[in-house]
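The values are calculated or read from the model by the stated rules, or taken from the named source; none is laboratory data. Quick caveat: nothing in here was measured; it's all calculated off a predicted structure. Because the Cβ atoms are built from the backbone with ideal geometry, glycine has one as well, and the counts that use them run over all protein chains shown. Areas reflect the complete protein model, heavy atoms only, side chains present, ligands, DNA and RNA absent. Shrake-Rupley method; radii C 1.70, N 1.55, O 1.52, S 1.80 Å.
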Amino acid sequence: MAFKKSDGLFIALIVVILTIFILISGEEKTSRVPNDEIHARFYPIIREQGKKAGEKFCGECHNEKQIPFPKDHPPKFRCLFCHKLKGN
Ligand code: HEC
Ligand code: HEC
């Protein structure tokens with residue numbers, strides 16, 4: 001069976017839909033970013049410059065050496081899609 005261009009598009013579409021599905025399903029039950037002395041400084045960055053700007057900092061502490069993720073943690077490419085700020 002030849003691999004057609006439309007097959008690639010179809011697979012890409014499925015991947016996109018699955019990703020959105022995972023993000024949405026993670027959103028509701030996921031713990032929020034604490035508004036404590038560690039995390040409070042990210043709140044204005046995230047509110048004013050957006051999620052991507054804030055996420056750059058998460059990995060400084062949340063990595064396997066310092067604060068390992070729970071074993072069953074889902075793919076962690078965009079923290080703030082799942083971990084919402086408090087009070088939003
Ligand atoms: C300076 C180090 C540091 C940075 C940077 C950092 N964190 Fe944390 N984070 C911690 C520590 C320490 C804890 C555990 C204690 C606490 O709850 O504050 C924690 C806990 C958490 C928790 C778990 C809260 C809970 O309910 O158990 C989440 C979610 C989290 N951080 C998300 C983030 C996100 C998203 C970012 C990036 C915007 C981030 N953190 C940046 C140190 C950091
Ligand atoms: C696809 C959704 C998703 C993404 C993206 C994501 N997480 Fe999580 N995270 C979860 C879920 C689900 C849990 C387990 C349930 C919980 O504790 O909220 C979790 C748990 C955690 C915990 C432990 C919380 C606790 O209560 O012990 C920390 C810390 C954390 N994530 C930080 C991060 C950081 C930092 C990033 C970005 C590098 C990130 N997460 C990206 C969904 C996500």
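On the given criteria, is Glu37 open to solvent by 100 Å² or more (accessible area, probe 1.4 Å) and either closer than 21 Å to Lys76 by Cα or part of a helix (DSSP H, G or I) (or both)? Against the criterion (open to solvent by 100 Å² or more (accessible area, probe 1.4 Å) and either closer than 21 Å to Lys76 by Cα or part of a helix (DSSP H, G or I) (or both)), Glu37 does not qualify. Taken together, Ala53, Ala12 contain a single residue that is within 12 Å of ligand 1 (Cβ to nearest atom), outside any loop (DSSP other than H, G, I, E, B) and among the small types (Gly, Ala, Ser), which is Ala53.
Do you know which of the residues in region 49-88 that are of a type in the set (A, V, I, L, M, F, W, C) and closer than 17 Å to Ile24 by Cα is farthest from ligand 2 (Cβ to nearest atom)? Checking each candidate, the answer is Leu85.
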